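Right, one structure below, let's go through it.
The values are calculated or read from the model by the stated rules, or taken from the named source; none is laboratory data. These numbers come from a predicted model, not from an experiment. We place every Cβ from the backbone using ideal geometry, glycine too, and count neighbours over all the protein chains shown. Accessible surface is based on the protein model in full, side chains and every heavy atom, while ligands, DNA and RNA are left aside. Shrake-Rupley method; radii C 1.70, N 1.55, O 1.52, S 1.80 Å.
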Amino acid sequence: MMIVQFLVTVFDNPGRFLAILLLIAQLVGSAGTYPIELVPGALQSLHPWLPMTHAIRGLRAVISSGDFLVMWKEAAILLATAAVFALATLVYFLLRYRRRYAVWRETETAAQT
């Protein structure tokens, strides 16, 4: 969700398109439906970088073997990914605010003199 928020915030409508492409890539490349060996090579290289891959790994570990260590490891990766993209969105808003405030401040100073 944080990745989608970042893409939409920074890129607006093209970001929505990129988010849809990311969601489609995750459906195919996360090995949730088909084994990763049956997926095209380009998506196999994306497999470890997709957030849904980690969610599926964690769920499979708990369901099949009850291995909560794997689940917590995958949850930590997902949390780190969410934190990175939430921070990137915050940085974008801070930079945008500073840029707008600087322009407003310059016009206020020019109007007073």
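When the residues Thr109, Thr81, Thr33, Thr89 are ordered by accessible surface, computed with a 1.4 Å probe over the protein chains alone, the sequence from largest down reads Thr33, Thr109, Thr81, Thr89.
Among the helices of the chain, those built from whole DSSP H runs whose Cα atoms reach 27 Å or more along their own axis and whose mean Kyte-Doolittle hydropathy is at least -1.0 are 68-112.
With a 1.4 Å probe and all protein chains kept in place, how do Trp72, Trp49 rank by accessible area, largest first?
The ranking, largest first, comes out as Trp49, Trp72.
Take every pair of alpha-carbon atoms less than 8 Å apart whose residues are at least six positions apart; their mean separation over the length of the chain yields a relative contact order of 24 percent.
Between Ala80 and Arg105, what FRET efficiency follows from the Cβ-Cβ distance if R0 is 35 Å, with the result rounded to 0.05?
After rounding to 0.05, the efficiency reads 0.45.
To the nearest 10, the accessible area of Tyr97 is 140 Å² with a 1.4 Å probe. Here the accessible area is traced with a 1.4 Å probe on the protein chains. For the chain, carbon and sulfur cover 71 percent of it. Based on alpha carbons, the Rg and Dmax found for the chain are 20.1, 73 Å.
Suppose R0 equals 30 Å; then what is the FRET efficiency for Leu87 and Leu27 from their Cβ-Cβ distance, rounded to the nearest 0.05?
Taking R0 as 30 Å, the efficiency between Leu87 and Leu27 is 0.70.
Full extension of the chain between Phe17 and Ser65 yields a length gain of 13.5 nm, computed as 0.36 nm times the residue separation minus the alpha carbon distance. Extension gain for Arg98 to Val4 (0.36 nm times residue separation, less C-alpha to C-alpha distance): 31.5 nm. Taking all protein chains together and rolling a 1.4 Å probe, Phe11 ends up with roughly 100 Å² accessible.
Close amide H partners of Asp67, meaning residues 5 or more places away or on another chain with modelled amide H under 5 Å apart, are Val62.
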